[in-house]
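The values are calculated or read from the model by the stated rules, or taken from the named source; none is laboratory data. Quick caveat, the model's predicted, so the values are computed rather than measured. Here the Cβ positions follow ideal geometry from the backbone for every residue, glycine too, while neighbour counts run over all protein chains shown.
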Amino acid sequence: MKTLTAIGTAIGAIAAVIALSNPAAAATAKRGSFGKLADGRAVASVTLANARGISATIVAYGAMLQSVVMPDRAGRKADVALGYDNLGDYLAKGQYFGGTVGRFANRLEAGRFRIDGQSFQTPVNDGKNSLHGGTVGFDKVLWDVVSVKNGPTASVTLRYVSPDGDQGYPGTMTVDATYSLDERNNLTIEYVATTDRATIANITNHAYWNLSGEGSSNGAMGHLVTIPAQTYLPTDAGAIPYGEFKPVAGTVFDFRTPHAVGDRVRDARDQQIVFGRGYDHNWVIGRDVTRDQHLMAKVYDPASGRGFELWSNQPGLQFYSGNFLDGTTHGKANRVYREGDAIVMEPQIFPNSPNQKGFPSARLDPGQTYRNVMTYRLSTGQTGANRTAAPKKR
């Protein structure tokens, strides 16, 4: 039996090598349609797929990651990204599912910031604060598909030009969102932005992950999470960090070694858990944006064998444990999404950075280029199918 197992393992490894070297197995990008807006504008979709059974569907509305299909350790495929199967539901109750969020992702205290002594006001849409760019952020606009390419790395690039004064932000900002998938199971999202006037930029992706399959009864609380951070940013009751870099040691925020999300997510002895109704905080991976990517987090689902490593060039990781999924949302295949059914991990500059000394700068000036590149090194638990390569230096 051991001999047969060894032979099977060898065959799997050889097949993986052949798939990588065979041009016919290169990743593909297929155009599609995701309906029309009320004004008649068509909403395009593009599905990236590789020879290892992984695919990702990107939709032009919100430049969103609408679907990620992965096999489990037994080869059974499932969509592991929460969301809807039709445009109407995204328009009615988007909840940022897979959306590109900006101009300033996360929260701005009272929706305000200053540049060169001038004050700017963005819409307040989260209690007293502004969240994810305002009432009509990047996740609620139609992007243009400007490039679609097939493998060995398949990709789609979408573009949105945000006019001067959009949601109160100064400057005309041009943003490109590029999604790519290769045969090493690296799913990369890269945001690049320029401006014609001094402004602020913090753009990320808000994918909800349940590696057991979206809507699965397992939920995401059994996912094992590792975050290589020594400190995190405690917040006030409105989820605004107040400037402290608090050590994770001895707290429920210590993920330096793997922990199941559900082990401590409801520990009300920690006031921060009470404020966030669970995890909804920023872990400090570094103090500034870097040229190259570094490890942000590892996630593994013991039930399915699926997992990923998340790499980025950003200093902060917002980890959210799906605390506000309340059972009123019916997702794909009419599955009900409940509290704890997914987790969100967003590489970014720290929340409220423009208003907090000692936080990384979010300022973007003419002639500069904003860049956030994040790579999900996906793994399926299948022999010979998980040898992902480290993200290339960019």
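Figures for the structure shown
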quantity	calculated
Meets criteria (more than 15 Å from the chain's Cα centre (by Cα), over 22 Å from P241 (Cα atoms), among the aromatic types (F, W, Y) and surrounded by 17 or more Cβ atoms within 10 Å (Cβ to Cβ)) for Y279	no
Looking only at segment 115-149, and only at residues there that are over 22 Å from G40 (Cβ atoms) and among the charged types (D, E, K, R), the one that is nearest to the chain's Cα centre (by Cα)	D126
Residue check, T204 under 30 Å from R52 (Cβ atoms) and free of Cβ contacts under 8 Å to residues at least 60 places away in the same chain	no
Residue list for segment 137-178, filter: of a type in the set (F, W, Y) and touching an Asp or Glu at 6+ places or on another chain (Cβ under 8 Å)	Y160
Hits in segment 334-375 - residues which are touching a strand residue (DSSP E or B) at 6+ places or on another chain (Cβ under 9 Å) and either of a type in the set (G, A, S) or assigned to a helix (DSSP H, G or I) (or both)	A342, S353, P354, N355, S361, A362, G367
Meets criteria (farther than 21 Å from P347 by Cα and either in contact (Cβ under 8 Å) with a residue 40 or more places away in the chain or among the hydrophobic types (A, V, I, L, M, F, W, C) (or both)) for S312	no
Spans of strands (runs of 3 or more DSSP E) in segment 134-204 with at least 2 residues of a type in the set (D, E)	173-182
Tabulated pairs, segment 95-124, first under 10 Å from Y169 (Cα atoms), second of a type in the set (K, R), C-beta under 6 angstrom, 6+ apart or interchain	Q121/R112
Test result for P228, surrounded by fewer than 17 Cβ atoms within 10 Å (Cβ to Cβ), touching a strand residue (DSSP E or B) at 6+ places or on another chain (Cβ under 8 Å), in contact (Cβ under 8 Å) with a residue 24 or more places away in the chain and not β-branched (V, I, T)	yes
Unique residue being in contact with a strand residue (DSSP E or B) (Cβ under 9 Å, 6 or more places away or on another chain) and of a type in the set (K, R) when the list is K128, K77	K77
Residue check for G111: over 15 Å from the mean Cα position of the chain (by Cα) and either over 30 Å from P354 (Cα atoms) or not charged (D, E, K, R) (or both)	yes
Neighbours by Cβ (under 8 Å, 6+ apart or cross-chain): first from segment 369-391, closer than 16 Å to E190 by Cα; second of a type in the set (D, E) and modelled with pLDDT of 90 or more	R371/E190; N372/E190; V373/E190; M374/E190; Y376/E309; R377/E309
Among residues of segment 82-134, those that are within 23 Å of I343 (Cβ to Cβ) and not basic (K, R), counted	25
Contacts under 9 angstrom Cβ, first residue in segment 233-256 being at positive phi and of a type outside the set (F, W, Y), partner modelled with pLDDT of 95 or more and in a strand (DSSP E or B), 6 or more apart	A239/R107; A239/D126; A239/N129; A239/L131; A239/D280; A239/H281; G243/L233
Filtered residue count, segment 208-227, keeping only those that are under 14 Å from L325 (Cβ atoms), in a loop (DSSP other than H, G, I, E, B) and of a type in the set (A, V, I, L, M, F, W, C)	2
Enumeration of residues in segment 47-56 that are in a strand (DSSP E or B) and either crowded, with 24+ Cβ neighbours inside 10 Å or touching a helix residue (DSSP H, G or I) at 6+ places or on another chain (Cβ under 9 Å) (or both)	L48, A56
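Conditions (1) without any contact (Cβ under 8 Å) to a residue 12 or more places away in the chain; (2) surrounded by 19 or more Cβ atoms within 10 Å (Cβ to Cβ); (3) charged (D, E, K, R), marked per residue:
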{"residue": "D164", "(1), (2), (3)": "no, no, yes"}
{"residue": "G168", "(1), (2), (3)": "no, no, no"}
{"residue": "A177", "(1), (2), (3)": "no, yes, no"}
{"residue": "L187", "(1), (2), (3)": "no, yes, no"}
{"residue": "A193", "(1), (2), (3)": "no, yes, no"}
{"residue": "A198", "(1), (2), (3)": "no, no, no"}
